[in-house]
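The values are calculated or read from the model by the stated rules, or taken from the named source; none is laboratory data. Predicted model only: the values in this text are computed from it and were never measured. In this analysis, Cβ positions are derived from the backbone assuming ideal geometry, glycine residues included, and neighbour counts consider all displayed protein chains.
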Amino acid sequence: MKELVLVGGGHSHVEVLRRFALDPVRGARVTLVSPTRYTPYSGMLPGLVAGHYAFGDAHIDLESLARFAKAAFVCDAVVALDPGSKRLRLQSGREVAYDLASIDIGSTPLRAGITGSEHAIAVKPVEDFLARLDRLEARAREERLAGVAVIGGGAAGIEILLALQHRLARNARPVAFSVVADTPTVLPGHRPRVRRIFARVLAERGVTVYAGAGARRIDRSGVETADGTRIAADAVVLATGAAPAAWPREAGLAVDARGFIRVGETLETLSHAGVFAAGDVASMENHPRPKSGVYAVRQGPPLAANLRAAAEGRPLSRFVPQRGALALISTGDTYAVATRGPLVLEGAWVWRWKDHIDRKFMARYDVARRDRE
Ligand SMILES: Cc1cc2nc3c(=O)[nH]c(=O)nc-3n(C[C@H](O)[C@H](O)[C@H](O)COP(=O)(O)OP(=O)(O)OC[C@H]3O[C@@H](n4cnc5c(N)ncnc54)[C@H](O)[C@@H]3O)c2cc1C
């Protein structure tokens, strides 16, 4: 029997577990290590922040999913990997031996170049973010919150800003919102039409946009940008690009220039046979893609197939990720913008469509519901 350890219950691993539940893997004992029992689904995160979804709507119960897959569930975080002895060290000090390991631990916002980033509320880890939002909401209710600045002008930053503004609008005193982007415009990776729609929405909602100079310093009174502009804010939300955990690099796994684990088309690491990686933490050689949940989800089936093949001693298969993906970006209320290639659509119906897609996705991993049916 091989020991197969899944590190992190990210978007790829939930699909691996679901597939192992439906078709048990022979020749391996499976263990999932996750610091939390519930893992958030990224697509519903803005809706959760805005108050359109409850916690349970937007989280997958990993312990139940693991039980369904006959996998052991260890509620802990991996802090180190020793490829020599094939052991993982957990935060509690416990060690777990592996023959095969797969890493799907996501990413956290980039802090490089920003001093005082510890004063900001980072959007990941999501469990910490949600807890801090509750405290922020309490401050708004007590009228102790006048301004919020969001650092990061990508889709995640804009969606979270609009969602947070929607949530706090329930409180009496209006809160001033601003966004800081180190790119010439917000949503730089998107088509001009998408940028025009969001410029309109941000203007309608009174959001001040500081583009062209990133945040250089965060302190208790707000943000200072690289060109010396000072933005007063009682709370600063960090939604910058993705950064990886340090321990995979420290373990000696081959990583790219930013520290993400280099994997080939089999999703096996380039440096260590039997160690796989997927999702944000992985960097596919020759197939760079944005750090987005869509790509992590798509890696689930080929990762499951290759972990099964490795456990059974069969050759691994190759996988090439799709080039583009449909992006559905919400505007805080129940309205959204859909974009793929030249196609750009907006409306309340786009939100309903997104809601339908997201709920359908979540239903796949709802073991309790499966038991009821
Ligand atoms: C605000 C926001 C909104 C977003 N909206 C979208 C969207 O609408 N669509 C989209 O496609 N993408 C979106 N993204 C991007 C998306 O969140 C990520 O690309 C996606 O979550 C990556 O999935 P993953 O499987 O790599 O990791 P994750 O889904 O982040 O999961 C990682 C898991 O690993 C666990 N973990 C972390 N460290 C350890 C450790 N040391 N040991 C064990 N377990 C660990 C975590 O607890 C977590 O459960 C958004 C991102 C943000 C910040």
Scan the strands (runs of 3 or more DSSP E) fully inside region 277-372 and keep the ones with 2 or more residues being surrounded by 14 or more Cβ atoms within 10 Å (Cβ to Cβ), within 14 Å of the ligand (Cβ to nearest atom) and at pLDDT 95 or above. 282-284, 327-330, 336-340
Condition set basic (Lys, Arg) and modelled with pLDDT of 95 or more, scope region 1-57, selection surrounded by the most Cβ atoms within 10 Å (Cβ to Cβ): answer is ARG18
Take ALA122 and tell me if it is within 11 Å of the ligand (Cβ to nearest atom) and in contact with a Phe, Trp or Tyr (Cβ under 7 Å, 6 or more places away or on another chain). yes
ALA203 meets each of (1) in contact (Cβ under 8 Å) with a residue 12 or more places away in the chain; (2) outside any loop (DSSP other than H, G, I, E, B); (3) among the hydrophobic types (A, V, I, L, M, F, W, C) with one exception, condition (1)
So ARG26 fits all but one of (1) under 30 Å from ARG314 (Cβ atoms); (2) not in a loop (DSSP other than H, G, I, E, B); what number is the exception? (2)
Region 141-152 residues that are in a strand (DSSP E or B), paired with ones that are hydroxyl-bearing (Ser, Thr, Tyr) and modelled with pLDDT of 95 or more (beta carbon under 6 Å, 6 or more apart): ALA149/SER178; ILE151/THR240
Residue in region 169-187 that is farthest from ALA112 (Cα to Cα), counting only those that are at pLDDT 95 or above and either within 16 Å of the ligand (Cβ to nearest atom) or among the small types (Gly, Ala, Ser) (or both): ALA176
Out of the residues in region 24-62 meeting the condition of being aromatic (Phe, Trp, Tyr) and near the ligand (Cβ under 9 Å from one of its atoms), tell me which one is nearest to ASN306 (Cα to Cα). TYR41
Looking at region 311-334, which of its residues are closer than 22 Å to SER292 by Cα, out of contact with any helix residue (DSSP H, G or I) (no Cβ under 7 Å at 6 or more places or on another chain) and among the hydrophobic types (A, V, I, L, M, F, W, C)? VAL320, LEU326
